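Student: So that we are looking at the same thing, I have put the structure below in structure tokens.
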């Protein structure tokens with residue numbers, strides 16, 4: 001049966017692209033109110049497409065852009081909830097696009113490889129349709145899906161998902177399944193599939209050091225008056241020791257090492273730290289001494305200074321001692337690190353280093369825990385089997401440097417683990433002009449999901 005389904009995927013590729021291009025042409029930019037009707041149009045297109053495949057599908061209103069929910073109760077294996085988002089990022093600066101961002105096209109490179117170029121090609125319309133088209137092939141061939149499948153398409157992912165939490169809470173009984181599937185991640189490289197087993201959490205803090213009640217003339221007050229730039233610089237410099245470790249007390253509580261099998265796989269990957277850094281004009285790894293670059297970006301927590309300001313920063317020169325200095329600091333969290341405890345520990349760390357005649361103010365900018373997917377989970381094992389069968393090489397169990405909030409929401413609100421399988425590439429230019437999605441990612445992504453559905457039902 002599976003071979004017949006895969007054959008149907010191959011024969012239907014041209015029509016799959018037609019459907020993808022139809023969806024891409026809808027300008028579903030959720031962050032801009034001027035495109036609200038376009039978002040509604042995209043939601044309707046998704047619901048109609050699912051209904052054509054026999055899903056009980058509907059557009060569900062929210063205070064913002066609508067959700068799309070669909071259900072098919074075929075099969076006897078574990079029930080799954082597939083998540084994707086139909087909204088896209090703005091296209092600015094539009095003058096940097098080679099063609100209309102919403103006029104999808106296929107570009108053939110000199111080596112014969114092909115890519116789909118358009119806004120949303122990779123993030124996330126191409127990715128979500130890999131799953132839908134896999135379902136289509138199964139239904140065309142077998143008349144049903146191998147496992148019970150529900151689908152949730154969101155329309156506000158690119159604008160912070162303001163309606164998601166309430167929607168999940170109100171519909172928890174309907175949406176909670178045995179496992180969630182998310183296709184908003186990437187492969188290790190163009191020919192190597194991957195399953196993300198860890199998503200880092202995030203804590204954002206803005207600190208402001210306040211000294212004098214006004215900016216001061218540095219000739220009159222220099223050395224005598226406290227300079228908040230000096231205070232701030234000293235505090236920020238103290239956040240790391242000479243080995244690159246974060247010095248905030250208790251920071252590493254809850255940080256665990258990846259499983260030995262995972263670390264061994266990472267060590268064997270054809271990854272060059274020099275090439276990775278060379279792509280951004282650097283060559284020497286920073287961070288924790290004794291850790292590989294892959295460990296640092298996939299499995300270790302971080303403390304980064306994202307911005308600093310204090311005093312006169314305009315054109316020319318102005319000799320002042322500023323009254324205030326501020327910095328934006330973010331922490332990427334892993335394992336069981338507690339974002340509340342990290343924030344409190346950081347604030348104590350700063351407060352203890354502020355001189356008596358200065359004061360500090362803190363401004364929180366969000367906080368969420370890390371998500372870890374058990375490397376030995378049965379669903380993940382089945383996903384690895386399916387991906388290796390399709391791509392001819394083992395799937396990399398990789399960490400994600402960033403965060404996907406919906407995965408945490410599924411865990412907290414629906415008590416549901418997520419398998420993250422995506423077919424994007426780091427050079428897909430998502431959120432940037434000339435976004436692209438490899439044609440091979442789209443085609444073999446459909447085949448991969450067809451295989452994963454079969455494995456889950458086995």
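The values are calculated or read from the model by the stated rules, or taken from the named source; none is laboratory data. Keep in mind that what you see is a predicted model, and the values were worked out from it rather than measured. Here the Cβ is made from the backbone with ideal geometry for all residues, glycine too, and neighbour counts use every protein chain on show.
Student: Conditions first: (1) in contact with a helix residue (DSSP H, G or I) (Cβ under 9 Å, 6 or more places away or on another chain); (2) under 18 Å from residue 247 (Cβ atoms). Residue 347 passes all but one, so which condition is the exception?
Tutor: (1)
Student: State all residues of the range 397-424 that are in a loop (DSSP other than H, G, I, E, B), touching a helix residue (DSSP H, G or I) at 6+ places or on another chain (Cβ under 8 Å) and within 24 Å of residue 263 (Cβ to Cβ); if no residue qualifies, say none.
Tutor: Residues satisfying the conditions are 401, 417, 422.
Student: Go through the range 5-18 and report how many residues are over 15 Å from residue 449 (Cβ atoms) and either within 30 Å of the chain's Cα centre (by Cα) or outside the structural domain of residue 48 (by TED's automatic domain parsing) (or both).
Tutor: So the count comes out to 4.
Student: Follow-up. Kindly list, by first and then second residue, each pair from a residue in the range 306-324 that is within 9 Å of residue 229 (Cα to Cα) and not assigned by TED's automatic domain parsing to the domain that holds residue 358 to a residue that is buried (at least 16 other Cβ atoms within 10 Å of the Cβ) and modelled with pLDDT of 95 or more, limited to pairs with Cβ atoms under 7 Å and residues at least 6 apart or on different chains.
Tutor: As it stands, the answer is none, since no pair meets every condition given.
Student: Got at least one residue in the range 54-75 being part of a helix (DSSP H, G or I) and either surrounded by fewer than 19 Cβ atoms within 10 Å (Cβ to Cβ) or in contact (Cβ under 8 Å) with a residue 24 or more places away in the chain (or both)? Write out each step before concluding.
Tutor: Let us first name the residues in the range 54-75 that are part of a helix (DSSP H, G or I), namely none.
The answer is no; no qualifying residue exists.
Student: Okay, next question. Any idea how many residues of the range 274-307 are surrounded by 15 or more Cβ atoms within 10 Å (Cβ to Cβ) and not in a loop (DSSP other than H, G, I, E, B)?
Tutor: The qualifying residues number 10.
Student: Continuing with this model, one more query. (1) outside any loop (DSSP other than H, G, I, E, B); (2) more than 30 Å from residue 261 (Cα to Cα); (3) at pLDDT below 95: which one isn't true of residue 312, the others all being true?
Tutor: (1)
Student: Tell me, which strands (runs of 3 or more DSSP E) wholly within the range 148-235 include 2 or more residues that are within 30 Å of residue 456 (Cα to Cα) and touching a strand residue (DSSP E or B) at 6+ places or on another chain (Cβ under 8 Å)?
Tutor: Those strands (runs of 3 or more DSSP E) span 149-154, 179-182, 194-199.
Student: Before we move on, is residue 367 under 21 Å from residue 255 (Cβ atoms), outside any loop (DSSP other than H, G, I, E, B) and at pLDDT below 95?
Tutor: yes
Student: Quick check on residue 179: is it in the same structural domain as residue 307 (by TED's automatic domain parsing) and closer than 29 Å to residue 336 by Cβ?
Tutor: Against the criterion (in the same structural domain as residue 307 (by TED's automatic domain parsing) and closer than 29 Å to residue 336 by Cβ), residue 179 does not qualify.
Student: Determine which single condition residue 261 fails, assuming it passes every other condition in (1) closer than 30 Å to residue 231 by Cα; (2) more than 21 Å from the chain's Cα centre (by Cα); (3) part of a helix (DSSP H, G or I).
Tutor: (1)
Student: Return the residue satisfying two criteria in turn: it lies in the range 19-37 and is assigned to a helix (DSSP H, G or I) and under 24 Å from the mean Cα position of the chain (by Cα), and of such residues it is nearest to residue 129 (Cα to Cα).
Tutor: The extreme case among them is 20.
Student: Is it the case that residue 255 is part of a strand (DSSP E or B), touching a residue at least 40 places away in the same chain (Cβ under 8 Å) and surrounded by 15 or more Cβ atoms within 10 Å (Cβ to Cβ)? Give the steps one after another, and end with the answer.
Tutor: On the way: part of a strand (DSSP E or B): no; touching a residue at least 40 places away in the same chain (Cβ under 8 Å): yes; surrounded by 15 or more Cβ atoms within 10 Å (Cβ to Cβ): yes.
Here the answer is no, as residue 255 does not meet what is asked.
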